[in-house]
Amino acid sequence: METTNLLQSEPRRKLDDLEVGELAVQFDDQEPTEVIRWAFQEFHPRLALITSFQIDGMVLLDMAWRINPEVRVITLDTGRLPEETYELMEEVRGQYGINIEVYYPNTHEVEKLVKKHGVNLFYRSVKLRLMCCEVRKVRPLLRALTGLDAWITGLRRDQWASRTNIRKIELDHDHGGVVKVNPLADWTEEEVWDYIKTHRVPYNKLYDKGYTSIGCYPCTRPVKPGENPRAGRWWWEINAPKECGMHCSLLTGGFEHELEALLKEEEE
């Protein structure tokens, strides 16, 4: 049965803040596999792992596949990804037999953005970088979440200051109240790598070149010894959030209004 037909036949599963709060406490000390197993029981097939195929996402993909080989895997192709990410996607398809659902940004919105601000607008200001992230990541994510009751992410508390308070089960109010499941919330980077090596999980080869957080190619670089793992993301920015807006609501000085005006303007 096609995924769309299957989703139409399944009842929606919605949780409120009280239920999610209780579940967050209940699963706070549980292993990631137990959290994933619970998510499958509650939400499948309206559940998906949304990943950019970094090491955290690959660990979750391997865990979820071992629990249910029919796990849905969704990714966002911004159009600026490094070749190594595409190579890993093909490796995943071959090793796990998973048909990856790929969401792309709206071509018209990208054309509008590039026409006005240039192809590498993100280097010029934080506001322009966030506009680029909005078009290439945030808006495709909204489409990917349509029809889902829950999504699984690879967020960890030790990744960045804005993530220190994440719970393993949350209610994602930024995306219509869908349940957000973060099974690796209390894991460290060392634990992630231990799993990768123990279970021979494929990973992005850029990690072998000093990369520790991999996104779009122009916005990612290797980190220096002693640097925070996310220091390689948008490294030219000073005192700016190391976030793109997918996992938190950002106060960006009204760039949303400018973005809407840009995308709605008539062709000259």
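Every read-out reported here was derived from the displayed coordinates using simple, explicitly stated rules and does not represent laboratory data. Since we're looking at a predicted model, the values are computed, not measured. Note that each Cβ is placed from the backbone with ideal geometry, even for glycine, and that neighbours are counted across all protein chains shown.
Once you charge only the Cβ atoms, +1 for Lys and Arg and -1 for Asp and Glu, what is the size of the charge dipole of region 68-121 about its Cα centre, to the nearest 20 debye?
On the way: 6 positive and 10 negative charges, 83 e Å.
With Lys and Arg at +1 and Asp and Glu at -1, about 400 debye.
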Review point. List the lysines whose alpha-carbon lies under 21 Å from that of LYS205, not counting same-chain residues fewer than 8 positions away?
Key: LYS197, LYS224
Review point. In debye to the nearest 20, how big a dipole does region 47-163 give about its Cα centre with +1 on each Lys and Arg Cβ and -1 on each Asp and Glu Cβ?
Key: 800
**Study point:** Cα centroid of region 107-139 to Cα centroid of region 48-72, whole Å
**Key:** 29
Practice item. Determine the relative contact order of region 44-177: mean sequence separation of Cα pairs under 8 Å and six or more apart, normalised by residue count, in whole percent. Key: 29
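What does the highest-first list of 178-187, 85-94, 60-69 look like by mean Cβ count within 10 Å?
Working: 178-187: 24.7, 85-94: 15.7, 60-69: 19.4.
In descending order of packing, they fall as 178-187, 60-69, 85-94.
Over 27 Å between Cα atoms, which of LYS137/LYS180; LYS14/LYS127; LYS180/LYS209 qualify?
Details: LYS137/LYS180 17 Å; LYS14/LYS127 35 Å; LYS180/LYS209 32 Å.
Violating the 27 Å Cα-Cα cut-off are LYS14/LYS127; LYS180/LYS209.
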Practice item. Quick one: compute the contact order of region 167-210, relative version, from alpha carbon pairs under 8 angstrom and 6+ residues apart, as a percent. Key: 24
Review point. For region 78-117, what does the alpha-carbon gyration tensor say about shape, rounded, prolate or oblate, given a ≥ b ≥ c as the root eigenvalues, a/c under 1.5 as rounded, and a/b over b/c as prolate?
Key: oblate
Exercise for review: Report the FRET efficiency, 1/(1 + (r/R0)^6), for GLU111 and ASP158, where r is their Cβ-Cβ distance and R0 is 35 Å, rounded to 0.05.
Suggested key: 0.35
**Study point:** Rounded if a/c under 1.5, otherwise prolate or oblate - region 34-104, Cα gyration tensor axes
**Key:** prolate
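May I ask you to derive the relative contact order of region 113-194, considering only C-alpha pairs under 8 Å and at least 6 residues apart, and to give it as an integer percent? Could the numbers behind the result be given before it?
Details: 85 pairs, mean separation 19.2, N = 82.
Reported as a whole number, the value is 23 percent.
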Study note, to complete from the structure: So, with points 7 Å from each Cα along the Cβ direction, the TYR104-GLU31 label distance in nm works out to 4.1
Practice item. Would you mind computing, in nm to one decimal, how far apart the modelled labels at ARG66 and ARG93 are, each placed 7 Å from Cα along Cα→Cβ? Key: 2.6
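Suppose every Lys and Arg Cβ carries +1 and every Asp and Glu Cβ carries -1, with no other charges. What dipole size does region 131-211 come out with about its Cα centre, to the nearest 20 debye?
Numbers: 14 positive and 12 negative charges, 68 e Å.
Result for region 131-211 is approximately 320 debye, rounded to the nearest 20.
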**Study point:** Residues VAL223, VAL73 arranged by fewest to most Cβ contacts within 10 Å
**Key:** VAL223, VAL73
